[in-house]
Amino acid sequence: MKITKEEVEYVAHLARLEFTETEKVRLTTQLNDILMYMDKLNRVNTTGVEPMSHAIALINAFRQDVVWESLDHELSMANAPETKGQSFKVPKIID
Amino acid sequence: MEYEPVIGLEVHAQLLTASKIFCGCSTEFGAIPNSHTCPVCLGMPGVLPVLNKKVVEYALKMALATHCTINETSNFARKNYFYPDLPKGYQISQYAQPLAEHGKVEIEVNGGKKVIGITRIHMEEDAGKLIHDEYNPASYVDLNRAGVPLIEIVSEPDIRSAEEAGAYLKRLHEILVYMEICDGNMEEGSFRCDANISLRPKWETAFGTRTELKNMNSFRNIQRALEYEIKRQRYVLENGGSVAQETRLWDDAQGVTNPMRGKEEAHDYRYFPDPDLVSLTVDELWLEEIKRSLPELPLKKRERFVRDYQIPAYDAGVLTSSRALADYFEAVAKLSGKPKAASNWVMVDILKFLNDDKREIKDCPILPESLAQLITLIDAGAISGKMAKDVIVEMYETGKSPKAIIEEKGMVQIADEETLKKVISSVIGANPQQLSQFLAGKDKLFGYFVGQVMKATQGKANPQLVNELLKKMLAET
């Protein structure tokens, strides 16, 4: 086993997800299966191969420093569950 | 036991681009909340962030100015955490491969020089702004700042006092503002600083447990917060306690640091490369181009002023405190050919006027050409230094040239020997008592006679000539 139930709970908490006991057991098994599959890749000889962070061999995709028109205020706020004035309204985080 | 503070600083500087780092929304401060937003900076699904080239150029300038090694290839990563000012649930930053590393800046403390190492400089996006409701359990989110470009400058733990921390920050601030890549406005948050600080016994080489200080928005507050935290940690250690590793917030009104409340587990940001942003490569050609565009930096300018203009290091320090002031002084020095006089007039008079009116040098009504003209007029003996003091006040108030003011007021200096001789003999004649005392050996009265001559000429007499003639005429009496 590469991953314990406690680790699943910890990662779930970081992602703000809640699971039932049954789900936790199932996820633990599934994550272990995935990591064990990844282990197969570790057996490949990668000497002299640069670590890769992207699937496409493209570098330096830039835009120039030009201001474009922003969204209409109404559109920007359209998905907000709650607003106040021109701002998004959220539950207070610190007291 | 003697303890030594170990301090490392993280500076966030907002870059002066027109648009955000990954989208074209404006970076302008003070706009209507959420009016500078678009699907990219709002964190809508399916959008593609594209890197603003100018952000890279500005970050490279700072990296070069602080003698960093530029990584040929660098990458962007996602820093994952949840907070309402972060719409995507992650901040795009750089992690494993930052833009630049291993730099340094030189600071001066107590007349000595010290080098502070820079661990890394990387680019990242700013978060939005939260305003907490005082009366209701609600906060209001403005995402105009979300996606505004920042560079984070991380120092090595080389700093050993609050004073050194202040000197280091002022040096970074000065370089950023000089290069015009950051406006340096601390109140608006364009230049922010967090501090890591721990104490250790003087002979110890291992670090003690550190606290992280936040919420300090001026140079003064940063120094005060560090001084407080040094005292607090020393007290804890001296009483056999141990410092807790935690984030503490500076409370400006109380002058203390308090542990941040509601903090849960240690940060676990689960960084990973951002698949939306391709690798960044900086080649020699681009780097050369940036190098050529760097202005003369303050430290170099200071040294050059001392060397080329023969002015004291202190004066050079004041005159190079901003690029605009340095340019102003240099223009006056060159136009008048009298750098020492230029330095005096700028340091004493111009800076006083500007300080009194809380004005910037760019808004000074006296142009460098006018000040240079005034210096030339004094040098030629057309007006006395004393008269010039009145003229410069008039110049500042009206913006007129010194020549125009002198003509208007008839303030031409009396440098004609015959005229002055007449004045002097009448002064001598009118003060027989002082004359006999002077002749009896009371040398101090010489000044009295000079004063009387100046008074009789309403300060227009050439003082050097008065001295000369008076000496001669008194000796002949």
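The values are calculated or read from the model by the stated rules, or taken from the named source; none is laboratory data. Not measured: the values here are computed from a predicted model. Please note: Cβ atoms are built from the backbone with ideal geometry, for glycine as well, and neighbour counts cover all protein chains shown. Just the protein is used for accessible areas: all its heavy atoms, side chains included, with ligands, DNA and RNA removed. Shrake-Rupley method; radii C 1.70, N 1.55, O 1.52, S 1.80 Å.
Assorted remarks:
- Relative contact order %, chain A, counting alpha carbon pairs below 8 Å whose residues are six or more apart: 19 percent
- In region B:1-79, the GluC sites (Glu not before Pro) that fall in loop regions by DSSP, at most 13 other Cβ within 10 Å: B:E2, B:E28, B:E72
- With at most 11 other Cβ atoms within 10 Å, longest stretch of chain B clear of loop trypsin sites (Lys or Arg not before Pro) (DSSP): B:1-201
- Remark: mean inter-chain Cβ contacts per residue of B:136-147 equal 4, using a 10 Å Cβ-Cβ cutoff to other protein chain atoms.
- Cleavage-rule hits (chymotrypsin sites (Phe, Trp or Tyr not before Pro)) in region B:159-225: DSSP loop, at most 15 neighbouring Cβ within 10 angstrom: B:W203, B:F207
- Hits among aspartates and glutamates - C-alpha to C-alpha of B:K421 under 14 Å, sequence gap 8 or more where chains match: B:E468, B:E476
- Helical contribution to [θ] at 222 nm, DSSP H n ≥ 4, -39,500 (n - 2.57), averaged over chain A, rounded to 500: -12000 deg cm²/dmol
- Note on B:S426 and B:L294: their simple-model spin labels are 6.7 nm apart, each label 7 Å out from Cα toward Cβ.
- In region A:17-95, GluC sites (Glu not before Pro) in a DSSP loop with at most 12 other beta-carbon atoms within 10 Å: A:E18, A:E69, A:E82
- Helix B:298-309 axis, angle to chain B major axis (alpha carbon atoms, nearest 10°): 20 degrees
- Our coupling estimate for region B:177-183, obtained by passing each phi through the Karplus curve with A = 6.51, B = -1.76, C = 1.60 and θ = phi - 60°, is 5, 4, 7, 6, 10, 8, 7 Hz, Gly and Pro reported as x.
- Accessible surface buried by the B/A pair amounts to about 3900 Å², both sides summed, 1.4 Å probe.
- Chain B: angle of helix B:53-65 to the longest principal axis, Cα-based, in degrees nearest 10: 60 degrees
- Label-point separation in nm, B:V306 to B:F272, each point 7 Å along Cα→Cβ: 5.4 nm
- Positive-end residue, the protein assembly as shown charge dipole about Cα centroid, Cβ charges, pick of A:I3, B:V282, B:Y309: B:Y309
- Between helix B:219-238 and chain B: long-axis angle, C-alpha atoms, 0 to 90°, nearest 10: 60 degrees
- The mean number of partner chain beta-carbon atoms within 10 angstrom of a residue's beta-carbon across peptide B:22-35 is 4.
- MRE, 222 nm, helices only [DSSP H, n ≥ 4, -39500 (n - 2.57), over chain B, to nearest 500]: -12000 deg cm²/dmol
- Here the protein assembly as shown is assigned +1 on the Cβ of each Lys and Arg and -1 on the Cβ of each Asp and Glu. Its dipole about the Cα centre then comes out at about 1700 debye.
- Cβ neighbours within 10 Å from other chains - mean over B:80-90: 2
- Within straight-line reach of A:K92, meaning a Cα separation under 17 Å, sit the following aspartates and glutamates at least 8 residues removed in sequence or on another chain: A:E82, B:D85, B:D133, B:E134, B:D142, B:E264.
- Unsatisfied cross-links (Cα-Cα over 25 Å) in the set B:K300/B:K358; B:K20/B:K61; B:K231/B:K300; B:K444/B:K472; A:K2/A:K40: B:K300/B:K358; B:K231/B:K300
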